[in-house]
Structures are given as C-alpha cells and as structure tokens.
Amino acid sequence: MKPLSSQARAIKPSATLAINAISQDLKAKGVDVVSFGAGETDFFTPDHIKAAGIAAIEQNKSYYTSSSGIAPLKSAICGYLDRTFGLKYENKNICVSSGAKHVLYIAMRVMLNPGDEVILPAPYWVTYEEAIRMCGAVPVILNTDESTRFKISPEQLAAAVTERTKCVILTNPSNPTGMLYSEEELSGLAKVIVDNDLYLIDDEIYATLVYEGKFVSAAAVDPELTKRTVIVNGVSKTYAMTGWRIGFAAGPAEIIKLMDTYLSHSTGNASNIAQYASIAAYAGDQECVAKMHAEFTKRRAYFLERVAAMDKVSCLPPDGAFYIFMNVSKTFGSTLCGEKIDNADDFAQALLKHGLVATVPGAAFGSQNHIRWSYATSIENIKKGLDRLERFLNNEPTA
Ligand SMILES: Cc1ncc(COP(=O)(O)O)c(C=O)c1O
C-alpha cells in the first residue's frame, strides 16, 4: 500500500493526553495512581450553563449554524471581552469554533504559507509546535529559563526574526510555566512585532486564572499591534467546560472572514447546543468564575508551601493558569527508588512507577529540566501526591 501522508505521520501525539491514558489504564487495573497530568479543571460546569444547554436541546437548537458561530454568542463574547479586559470588538471580529485548540489551528491555517517561520517561545504548550508543522510552516523555538521567569525579551525576539518570519505565538499566562507578561513587557514585544510586519497569536485561555499581577491582553497595549493580533480564548478553563468544545478567536475582520470560509469546508459550525450554553457562560453570572479562582488560589498556595520545604526540587511561583512547572534537575545523575535519573523523562517515569504519581515530563513542552503538575485537582489529591513525592525523593517507594 502507498504510504500515508508524510506530514500526518510526522505529527507527534499529545504527551499530556498520553500520560492521562497511562494513568487511566493503571487506575482501571485497580492501581491507586494520583494524576496531575490533566489540563482541565475538576469542577463541574456551573448549573446555569448546563441549564442553558438543556434548554437549547429542548428548543430544538439542532440545526447547522453559520460556520463561525451564532450572532448572539458572538455578541456575548464581545460584551465579555469589553467588560473583562476592556477590549472593543464587533461580531465581525469573532470566530467561534470547536475549542481553542481548533481555533488556533484554523488561525494558523489562514495566516501561514508552507515554509513561513513562526516564533514560539519555550517552554510552550505541546500543541503549538505540531500545529505549526501541520500547516507546513517552521517553528523557530526561543528558549527561556527561570532567570527571565521563562519570558522572552524584545531583543531576543528581534534577533530571531528573518525574512521568512510570519507570526509570533504568546501564551499569557503560560501553560506550562504559569508566567504572565506585564503591560510593559508586552509593549516592548509589540514594537518588534509591528516594526517587522508580523502577526501575533495571543493565547489567553487562562486569562481569568491569574493570582499575581494583572492580566493585560496583548490586543490592549498598542493599537498597531491590535490590527495584527488574533486572540485565542474559550470556555474550557474559565467555566469548567472542556468537553463542550467551544473556543473563539477575536481579531481583524479579514482574518476572521477567512477562518469562517476555512471552517465552512472542514468542521462547519461548533455544536449549536454548546454555543447556546456558552452564551450563558459569557453573559451570565460570573460568581462561578470567582469561586473556582478562590479554590485554585488555595491549592496553589498549598502546593508552593510544600515544594518550598523540599530541597531536591523547586519551582517559581506561577502567576496564573493551574500548573506548577517543577525543576527536577538537582536529581539528575542520582538514583531514586532504584532508578537512575538522567533527565525529566526518567524522573516522571520513576515517579509514576514507584510513587504512583502521574505528571507530564517537560520534554513535551521544550524543557529538559522540568515536570508539569496540574493543580486542577482536590487539595486531598494534592496532599497525597506531594506526600508520595516526598517519599520518592527520600528513596521510599509507594509501590
Ligand atoms: C494554552 C492552551 N491553549 C489552548 C488549550 C485548548 O483549549 P480548548 O479545550 O478550548 O481546546 C489549552 C488546553 O490545555 C491550553 O493549555
């Protein structure tokens, strides 16, 4: 048989989903694994949003919609962006699709030609690199570390620009590091992006989950940057709605129009029912967001207190999102619970095998020294997982 698409065969499967699969498999076999792999909250979708979804089913909202979403949802998103972040958009600037992940891919599809370069600061969320390659474009990785709080500088960005550079991707706050760019930092980057005639994709999916500092959208710092920025966001993290699959892009009307056309020949519209539920999310009571934020704040504080008391691992306090990006490099070259640890992959595998704790090794995010823990799980689970980590670091296996 003729070989399948070489581009498709080159795609690496998502490491975070792979870790989830391993831990679910172990759990199914009765093994008591504590999982910190998931990039989704453990909360249920708030009741008023569920009710709107049920009402949409009962009102027979079961037909196709416009490929880029229904007008009342676009209006609700515009209202939300204005109230929450001071961003002024109209319906023609909004494209709704099946999750932020899909929106991001479609945005790249309409922006990029094969061979275009996309600047991607590392550590990065696993999907970007593959999505860039799926467009036939070339990821240009900018490495960062704790010394700059995992953020790129205008100088670093400018030095990476070539005549093939088309676009820069930022995630603010970041998955996996949790770091947040300030308004001043964004203004510095904006100048380089505008001066070099580039586009910006700013993934703001964690924008409401900020604990230190103030979130400012890249689209709000400089009107020249706004003209070339596509914001990516969605209901998944803010409203505990990962499975409903609604994300949106907000950006220049020409880009949004092309995205609509692209969608019309690929997925068509996102679920009509989920779109109605999302109106309740964006236009309804925001008390649920505050409640989840308060819970994450407690979990983060507990996590940081525990890690501060450990000497073989460390982490920077994350500004936002719900991840701890733990540096485990002090253990490299040592043996833990009988396993030789030479890199973060070894650490994560040994911790899963002997500590029964599932985390995601940093290689998937472009970092060799870290593992990612999601604290979108109960305080009891966090305590149990960190107790096990402590024992593992003391060479005492749980399993
Ligand atoms: C940075 C970032 N962007 C986008 C997404 C995807 O969100 P959605 O569930 O809306 O596709 C995730 C999910 O983990 C993420 O971490």
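So for the stretch 258-281 (the condition being more than 16 Å from the ligand (Cβ to nearest atom), assigned by TED's automatic domain parsing to the domain that holds P123 and not in a helix (DSSP H, G or I)), does at least one residue qualify? Scanning the stretch 258-281, I find at least one residue that is more than 16 Å from the ligand (Cβ to nearest atom), assigned by TED's automatic domain parsing to the domain that holds P123 and not in a helix (DSSP H, G or I), so the answer is yes. Being within 18 Å of the chain's Cα centre (by Cα) and buried (at least 18 other Cβ atoms within 10 Å of the Cβ) is a condition met by at least one residue of the stretch 249-269.
Of all residue pairs spaced 6 or more apart or on separate chains, those with beta-carbon atoms under 6 Å, a first member in the stretch 216-238 that is at pLDDT 95 or above and a second member that is part of a strand (DSSP E or B) and away from the ligand (no atom under 16 Å from the Cβ) are R228/Y199.
Each row is one residue, and each column tells you yes or no for (1) in contact with a helix residue (DSSP H, G or I) (Cβ under 7 Å, 6 or more places away or on another chain); (2) under 16 Å from V103 (Cβ atoms).
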{"position": "P223", "(1), (2)": "no, no"}
{"position": "K227", "(1), (2)": "no, no"}
{"position": "V230", "(1), (2)": "yes, yes"}
{"position": "W244", "(1), (2)": "yes, yes"}
{"position": "I255", "(1), (2)": "yes, yes"}
{"position": "M259", "(1), (2)": "yes, yes"}
{"position": "Y262", "(1), (2)": "yes, yes"}
{"position": "A270", "(1), (2)": "no, yes"}
{"position": "Q286", "(1), (2)": "no, no"}
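For Y211, state whether it is under 18 Å from the mean Cα position of the chain (by Cα), within 16 Å of the ligand (Cβ to nearest atom), outside the structural domain of R299 (by TED's automatic domain parsing) and closer than 22 Å to H370 by Cα. So Y211 fails the test.
Restricting the search to the stretch 290-315, which residues are in contact (Cβ under 8 Å) with a residue 60 or more places away in the chain, surrounded by fewer than 17 Cβ atoms within 10 Å (Cβ to Cβ) and hydrophobic (A, V, I, L, M, F, W, C)? Within the stretch 290-315, M310 is the sole residue that qualifies.
A Cβ distance below 9 Å, combined with a sequence gap of six or more or placement on separate chains, defines the contacts here; from the stretch 381-395, residues that are more than 21 Å from F296 (Cβ to Cβ) and outside any helix (DSSP H, G or I) reach residues that are modelled with pLDDT of 95 or more and of a type in the set (V, I, T) in the pairs N395/T335. Quick check on S182: is it more than 16 Å from the ligand (Cβ to nearest atom), under 21 Å from K88 (Cβ atoms) and surrounded by fewer than 18 Cβ atoms within 10 Å (Cβ to Cβ)? Judged against the criteria, S182 is not a match.
The single condition among (1) within 22 Å of the chain's Cα centre (by Cα); (2) in contact (Cβ under 8 Å) with a residue 24 or more places away in the chain; (3) exposed (fewer than 13 other Cβ atoms within 10 Å of the Cβ) that V31 does not meet is (1).
Is it fair to say G243 is in a helix (DSSP H, G or I), in the same structural domain as P72 (by TED's automatic domain parsing) and more than 30 Å from A350 (Cα to Cα)? So G243 fits the description; yes.
Taking the stretch 214-234, which residues are part of a helix (DSSP H, G or I) and farther than 15 Å from S174 by Cα?
A219, A220, P223, E224, L225, T226, listed by residue number.
The values are calculated or read from the model by the stated rules, or taken from the named source; none is laboratory data. If you're wondering where the values come from, they're calculated on a predicted model, not measured in any experiment. Reconstructed Cβ throughout: ideal geometry from the backbone, glycine too, with neighbour counts over all protein chains shown.
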